[in-house]
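Have a look at this one.
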Amino acid sequence: MSTKWVVTAAAERIVMNEERKGEATFTVTNPSEVVDRVVFDVVPDEGAGETWFSVEEPQRVVRPGASVSYLLKVAVPKDTPPGSYAVQGRVYSADSAPEESSVLSPRVVLEVPPEPEPAARRLPWWVLAAAGAALLLVVVVVVVIVAGGGGE
């Protein structure tokens, strides 16, 4: 008899950072009364690439009534169009055919943001300070020439 795994996702969405990276946690529970080895696979929905996702140590031993957590890391390539994508976790017993005990997690959505617009380049403060000092020097020189040049 195969284990009837229970798999849940900690959140419905994966929040992506500016580098198009994110994480999600999946918890797998062994509700049976025997020790079993679970395998965690990533099942990307249409449009999402398998190479976007990684999980350390996808096969683990789970005691009866115990749970293990999997941290799914996401890294979406820069050339991926912005949009909404989804992924699921699939778990099954390592010691039996996957179709005998395979269970899918709920879908977890990830929003791929558009590439950020390049920020307008601002001048550093020291450039503005140097320009101000140069302008002040020019004004002082002009005032000295105008004020001191009419004496002969």
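Compute the distance in nm between two label points, each set 7 Å from the Cα along the Cα-to-Cβ direction, one at residue 78 and one at residue 142.
4.7
Also: Out of the total accessible area of the chain (probe 1.4 Å, heavy atoms of protein only), what percent is carbon and sulfur?
Exposed carbon and sulfur together represent 59 percent of the surface.
Please calculate how many Å² of accessible area the range 11-123 carries per residue, with a 1.4 Å probe and no DNA, RNA or ligand atoms counted. Before the final figure, lay out each step's value.
Working: 6940 Å² over 113 residues.
On a per-residue basis, 61 Å².
A follow-up question, please. Out of (i) 66, 15, 10; (ii) 26, 16, 15; (iii) 22, 19, 18, which label holds the value of semi-axes √(5λ) of the Cα gyration tensor in Å that was computed here?
Answer label, from the structure shown: (i).
Next up: Using packing as a proxy for protection, rank 108-114, 22-28 so that the peptide with the highest average count of other Cβ atoms within 10 Å comes first.
Values: 108-114: 16.3, 22-28: 18.9.
Descending packing order for the listed peptides: 22-28, 108-114.
Please give the FRET efficiency for residue 21 paired with residue 135, using the beta carbon to beta carbon distance and R0 = 41 Å, rounded to the nearest 0.05. List each step's numbers first, then the result.
Numbers: r = 46 Å, r/R0 = 1.12.
Efficiency computed from Cβ-Cβ geometry: 0.35.
Continuing with the same structure: Residue by residue through the range 9-15, what is 3J(HN,Hα) from phi via Karplus (6.51 cos²θ - 1.76 cosθ + 1.60, θ = phi - 60°)? Round to whole Hz and write x for glycine and proline.
Values, residue by residue: 10, 6, 8, 8, 10, 9, 7 Hz.
What length, rounded to one decimal in nm, is gained on full extension from residue 37 through to residue 66, with 0.36 nm per residue of separation minus their alpha-carbon distance? Before the final figure, lay out the partial values.
Details: separation 29, 0.36 × 29 = 10.44 nm, distance 1.18 nm.
Contour length minus the Cα-Cα distance gives 9.3 nm.
Where the Cα atoms of the range 26-77 are projected onto their three principal axes, how long is each span, largest first, in whole Å?
Reported extents, whole Å, longest axis first: 42, 19, 13.
Remind me, relative contact order of the range 1-98 in percent, using alpha carbon pairs under 8 angstrom and six or more residues apart? Kindly include the intermediate steps, with their values, before the conclusion.
On the way: 195 pairs, mean separation 35.5, N = 98.
Relative contact order, the range 1-98: 36 percent.
The values are calculated or read from the model by the stated rules, or taken from the named source; none is laboratory data. What you are looking at is a predicted structure, and each value in this text was computed from that prediction instead of being measured. As a convention, Cβ positions derive from the backbone with ideal geometry for all residues, glycine included, and neighbour counts pool all protein chains shown. For the accessible areas, the whole protein counts, side chains as well, though only heavy atoms, and no ligand, DNA or RNA atoms are used. Shrake-Rupley method; radii C 1.70, N 1.55, O 1.52, S 1.80 Å.
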